[in-house]
Each structure stands twice: as C-alpha cells, then as structure tokens.
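The values are calculated or read from the model by the stated rules, or taken from the named source; none is laboratory data. Quick caveat: nothing in here was measured; it's all calculated off a predicted structure. Cβ atoms come from the backbone with ideal geometry, glycine included; neighbour counts cover every protein chain shown. Calculation scope for accessible area: heavy atoms of the full protein, side chains included, ligands and nucleic acids excluded. Shrake-Rupley method; radii C 1.70, N 1.55, O 1.52, S 1.80 Å.
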Amino acid sequence: MITIVDCGINNLRSAQKAFEHLGCATRITRDPEEVAGAEKIVLPGVGAYGAAMKSLNEAGLVEPLLEAIGRGTPFLGICLAMQLLFDWSEELGVYAGMGAASGKVVRLPEAPDLKIPHMGWSPLHFPRATKLFAGLPEGAMVYFVHSYHVVPDDPAIAAATSCHGIPFVAAIERDNLMAVQFHPEKSSAVGMTILENFARV
C-alpha cells in the first residue's frame with residue numbers, strides 16, 4: 001500500500017492515478033496516524049514553500065513524516081516536496097523546512113534568454129547508480145516546473161542532476177529517502193519507470 005500524503009496544496013490525483021496505472025494499491029490521507037503506520041509514503045507538492053510547510057505543521061504531519069523516514073519507511077517526495085525536506089528556503093522570504101536532509105533551497109539564477117520558472121522537458125544525468133533510476137539511460141527526459149532548486153550540504157546524496165542556466169540537483173536518494181524535483185507522473189514512460197522503481201523498493 002502506497003500512502004499519498006495530502007499536505008493541503010498538492011496535486012494528489014495525478015500521482016494516485018499514475019501508481020494505480022502500475023497496479024499499486026494507494027490511499028490518500030491527511031491523518032497523522034495513517035502516515036505514521038504507512039508501508040510506503042509519497043508526498044507530492046505544488047505551490048509555495050511557506051504555505052506548504054504551514055499546512056503540514058497545522059495538520060500535525062511533520063513529526064510522523066520525519067519519524068517514518070527515520071525508521072526506514074520508503075519515502076518519495078515530488079517537486080516542491082523535495083524542497084520541503086531540506087532545512088530552509090529563500091522562496092518569498094526565509095522559511096524553515098523539515099530538516100530531513102541538510103541544505104537549502106535557492107532561486108534559479110536569472111540570465112538573458114533564460115525563462116524562470118524552468119518549465120518543460122530536460123535530460124537527467126546520473127552521478128551514481130540508485131534504486132530510483134534503475135534501468136534508465138543517461139539523458140532520460142523528464143518534465144520540470146520550478147523556480148527554485150535544492151543545494152544539499154552533502155553533494156553525495158544527489159541521485160540525478162539537470163541544467164537550466166546552471167547545473168542543479170534534480171533528485172536525491174539516501175537509503176530510504178528519495179525525492180525528485182520534476183514531475184514523474186507527467187514524464188511519460190521515463191516517469192512511470194521511476195514510480196515503478198519506487199513501488200518495488
């Protein structure tokens with residue numbers, strides 16, 4: 001059973017449909033007790049960092065999410081949810097995050113002829129072998145929509161990188177903790193492979 005966490009501002013149905021297409025049993029919940037007892041957790045996210053953290057805190061979800069990650073529950077964060085895992089973000093102010101991974105979230109740099117947000121298909125590069133990207137070739141294309149990116153204190157947790165003006169961390173994997181900046185549910189066959197890899201963990 002894959003538990004998809006409702007943080008109040010996320011796009012839940014597209015992630016649920018993608019996993020159901022793979023034959024995975026899913027449930028959507030905002031109940032901290034259900035999150036605490038989950039077998040696998042997916043946290044999708046869209047919108048602003050501060051509003052998302054406020055919603056998670058008000059729902060009492062931060063502690064059960066961190067406890068689940070700490071005891072080894074497979075966890076996948078999608079898009080904004082990857083950023084929420086880090087210590088803090090500079091989006092529209094300075095906001096504290098969950099602190100599941102050390103590092104910060106900063107805006108993609110402005111440059112001539114470079115549109116922000118980064119929106120569209122970009123290739124992934126894999127610095128190491130990981131569970132999440134098993135079976136995918138170098139340069140696999142995925143769909144991004146974001147203006148901010150994570151800067152981990154430990155570069156070794158990067159599972160994939162991409163580029164939009166500058167190289168940036170597109171995914172992380174540390175043991176059971178996995179997250180992607182792009183939208184696998186919108187990334188065609190490549191995205192489905194990523195979700196299937198997570199479902200098999």
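Of the set (1) more than 25 Å from GLN16 (Cα to Cα); (2) open to solvent by 40 Å² or more (accessible area, probe 1.4 Å), all apply to VAL145 but (1). Using the structure shown, decide if GLY77 is touching a residue at least 24 places away in the same chain (Cβ under 8 Å) and open to solvent by less than 30 Å² (accessible area, probe 1.4 Å). Answer is yes for this residue. The residues listed here are ILE166, ILE69, ILE116; of these, the one that is open to solvent by less than 20 Å² (accessible area, probe 1.4 Å) and among the β-branched types (Val, Ile, Thr) is ILE69. Scanning segment 169-201 for residues that are under 14 Å from the mean Cα position of the chain (by Cα), assigned to a loop (DSSP other than H, G, I, E, B) and surrounded by fewer than 19 Cβ atoms within 10 Å (Cβ to Cβ) yields one hit, ASN176. Looking across segment 103-113 at every residue that is part of a strand (DSSP E or B) and more than 23 Å from ARG174 (Cα to Cα), the one that is modelled with the lowest pLDDT is identified as ALA111.
In this structure, is ALA100 outside any strand (DSSP E or B), within 20 Å of PRO152 (Cβ to Cβ) and touching a helix residue (DSSP H, G or I) at 6+ places or on another chain (Cβ under 6 Å)? Criteria met by ALA100. Is it the case, given these coordinates, that PRO109 is open to solvent by 40 Å² or more (accessible area, probe 1.4 Å) and within 20 Å of ALA159 (Cα to Cα)? No: the conditions fail for PRO109. Across segment 13-45, the number of residues qualifying as free of Cβ contacts under 8 Å to residues at least 60 places away in the same chain and surrounded by fewer than 19 Cβ atoms within 10 Å (Cβ to Cβ) comes to 15. Residue under question is GLY139, and the condition is that it be out of contact with any Lys or Arg (no Cβ under 6 Å at 6 or more places or on another chain), of a type in the set (Gly, Ala, Ser), in a loop (DSSP other than H, G, I, E, B) and loosely packed, with under 13 Cβ neighbours inside 10 Å; does it hold? Here the answer is yes, as GLY139 does meet what is asked. Of all residues in segment 148-163, those being under 14 Å from the mean Cα position of the chain (by Cα), open to solvent by 10 Å² or more (accessible area, probe 1.4 Å) and farther than 17 Å from LEU84 by Cα number 1. Picking from residues in segment 119-136 that are touching a Ser or Thr at 6+ places or on another chain (Cβ under 7 Å) and in a strand (DSSP E or B), the one that is surrounded by the most Cβ atoms within 10 Å (Cβ to Cβ) is SER122. Of all the criteria given as (1) touching a strand residue (DSSP E or B) at 6+ places or on another chain (Cβ under 7 Å); (2) in a loop (DSSP other than H, G, I, E, B); (3) aliphatic (A, V, I, L, M), the one not satisfied by ILE116 is (1).
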